[in-house]
Structures are given as C-alpha cells and as structure tokens.
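Comments concern the structure below.
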Amino acid sequence: MLSSSMIYLIVIVFLALAFDFINGFHDCANAIATTVSTRAMTLRQAVMMSAVLNFLGAFMSVAVAKTIGNGLVDPAHITSEVIVSALLGAIIWNLFTWLMAIPSSSSHALIGGLIGASVAFTGSFVVVDWVNFFWKVALWIFLSPAIGFVVGYLLMNLLNFILRKTRPAAVTAIFSKLQIVSAMAMSLNHGGNDAQKAMGIITMALVSSGMITQFEVPSWVKVCCALAMALGTGVGGKKIIKTMGTNMAKLAPVNGFAAQTGAAAIIFTATMFHAPVSTTQIISTSIMGVAASKRITAVKWSLAKDIVLAWVITIPLCGILSALIMMLFKLI
C-alpha cells in the first residue's frame, strides 16, 4: 500500500502537469496572437508550430526551475500540503482568467500561490527569501513591461525608417513570412521560461519528501513538463488570442514581427538571468509599444488598463487563495 507521502507526491506531479497543460493553452496566445490576427498563419498552423517549439524550449535550461523550486522558499521548511495549495490556487486563477479572456500571468499565479501557502503553513513571512523575490521576481514585474513597451516602440520606429521607401504591399509580403520566424522564436522562449516553473515545483516536492537530496531536475520531470506544455499549447487559447491579437490594437504583419521579436529577445535575456518572467506581460506591452509608434491612440488603453490591473492583483490574490486552501488543509 502507498504511503501518504507517496500519494501526496503523485498528486503534486499530477497537479503540476495540469498547471503546465493549462499554462500551455492559457499562454499560447503570447506566442501566436499577432501571427494569427495578421493572417500570417492560420490558427491551426500557429498552434501546432507553437506546441512543437514550446516542447523544445522546455529543454533550454533549468535555471528558472531552480529559482521557483529552491530560490523563493526552502523546500526543507515546507510540506507537500503547501505545494498542493500553491498549485490549486494558481490553477483556479488561471482557469478563471482564461474564462474571462484576461491574459494574466501563469508565472505570477504560481509564485503568489507558493508564497501565500508557505506563509500560511509556517505562520511567518521569514520562510520566503525576499531578497531573491525582489531581484528575480518583483523587479522584473516592473522592468519587463516597461522594457517590452520601449523595445516594441523603438523597434517599430526603426523598421518604419528602414522601410520608408518600400511599397506597403511588399512590406506585407515580406513580413508575413518573417512573422512566422518571430513567432517561432517567441514560442521557443515561452517554453524555455514557462515550462520550467512546473519542473521547479515537482523537483521541490521531490526534495521536500526526501526522494532526492539535492535540487537537480530529473530527466523524466523535464520530459513530462515539456509534453504537458506542448499538449496544452496544442489545445490553443482562442479567447485570449482575440484579446491580444485584435482587441488591443490593429496590427499588420510588420507590427506583429516587431512585437514578437522584441518580446522573444527580452524573455530570452530574463531566462539567462534565472528570472521567471511573465511572457504575457512582455508580449502585451510590446504590442502596445508597437501600436503607440504609429500614434498613441492606436492602443485601446481601456483594455490595456484591465490587463495591467490583472498583473497587479495576480500575486496577492493567488497568495490569499492558496493561503486559504492551506488553512483548510490545517483544519482537516
């Protein structure tokens, strides 16, 4: 008969893979929204391409996994119930925002859930490594959207200058092809940053339960998380694609290329700094920056305001939600 610790571990692996799957269809819009909205690719083509590259991207690095699983909360000071509470809080928030077509951050949902559940379990804020939280999470919450907007704005202005004497029809023809390349880069980097979050959680559970002694992501964890992310991406996130690709601003292929290229470069840089960033934040603000390069009113700021509000409240709300779930575990 399975021990209680083994049952908890199985539940955590299942929930972490479910989170990765939901992350895949929730955040697949990050990589392909502009490509679909400009008709550079059909929805089916874009989703399948993104699924394959999300899978490959998951093997790029494990640096972000270490930040999530070992850099924010010490696995030795928490239990399996804490991890289950964190995952449940993040999953509930992701499903809610998906149903509401709000492109919120899966990364921030998981981080908020982990912090809230850990604090509720220990009854102390000391369990969280606030220095790491500041440098690798909080700082990037403010930096990455600003950088995304600026990079999108500058890159679009640069392209406008380079292409100023090129016929519009020729620009559209060229960038309809190049936008596919930028979508591939975006998908690869999305997998490289986002799939690692579930890897970190599962490895944290393995350390916490004593199954492994050092924080090293096992190969089977990498494969399972990569598959879950790819399968989730294959399902697609049609609602959020519409929000990001058409509702936020009207885009042409050259605009989509600028937004995706800038965002992919920023996400890659963040991954190299071991920072679990929000791909949603970065591509959204990159789209805003690209649209604002034409004129400031080209961005639908009322929608942008709602998206920014979702970013601000994700970590604290998921923290509270996971803390409440953890308190229920204590009562039971």
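Where a number appears in this text, it was derived from the coordinates with a stated rule and is not lab data. What you see is a predicted model, and the numbers here were worked out from it, not measured in a lab. Neighbour counts run over all protein chains shown; Cβ positions are idealised from the backbone, glycine included.
Observations on the model:
- Nearest-20 debye value, the range 16-157 charge dipole, Cβ charges on Lys, Arg, Asp, Glu: 400 debye
- Of the residues Met156, Met199, the one with the fewest other Cβ atoms within 10 Å heads the list, and the complete ranking is Met156, Met199.
- The range 253-332-the range 40-116 distance, computed between alpha-carbon centres (Å): 13 Å
- Label reach from Leu43 (point 7 Å along Cα→C-beta): in the range 272-300, no amide nitrogen lies under 17 Å.
- Backbone HN-Hα couplings from phi across the range 62-79 [Karplus 6.51/-1.76/1.60, Hz, Gly and Pro as x]: 10, 4, 5, 4, 5, 5, 5, x, 9, x, 9, 9, 6, x, 6, 9, 10, 10
- Gained length - Ser219 relative to Asn157, 0.36 nm times residue gap less alpha-carbon distance: 18.0 nm
- The range 4-18 and the range 198-222 have their alpha-carbon centroids 12 Å apart.
- Compactness relative to 2.2 N^0.38 Å, alpha carbon Rg of the range 4-331: 0.97
- Computed from the C-beta positions of Ile212 and Ala138 and an R0 of 45 Å, the FRET efficiency is 0.95 to the nearest 0.05.
- Taking the charge dipole of the range 31-178 about its Cα centre, with +1 at Lys and Arg Cβ atoms and -1 at Asp and Glu Cβ atoms, the residue from Ala173, Asn70, Val150 reaching farthest to the positive side is Ala173.
- Among Trp140, Trp220, sorting on how many other beta-carbon atoms sit within 10 Å of each Cβ, with the fewest leading, yields Trp220, Trp140.
- Residues Trp130, Trp311, arranged from fewest to most other Cβ atoms within 10 angstrom of their Cβ, appear as Trp130, Trp311.
- Full extension of the chain between Val171 and Leu324 yields a length gain of 49.8 nm, computed as 0.36 nm times the residue separation minus the alpha carbon distance.
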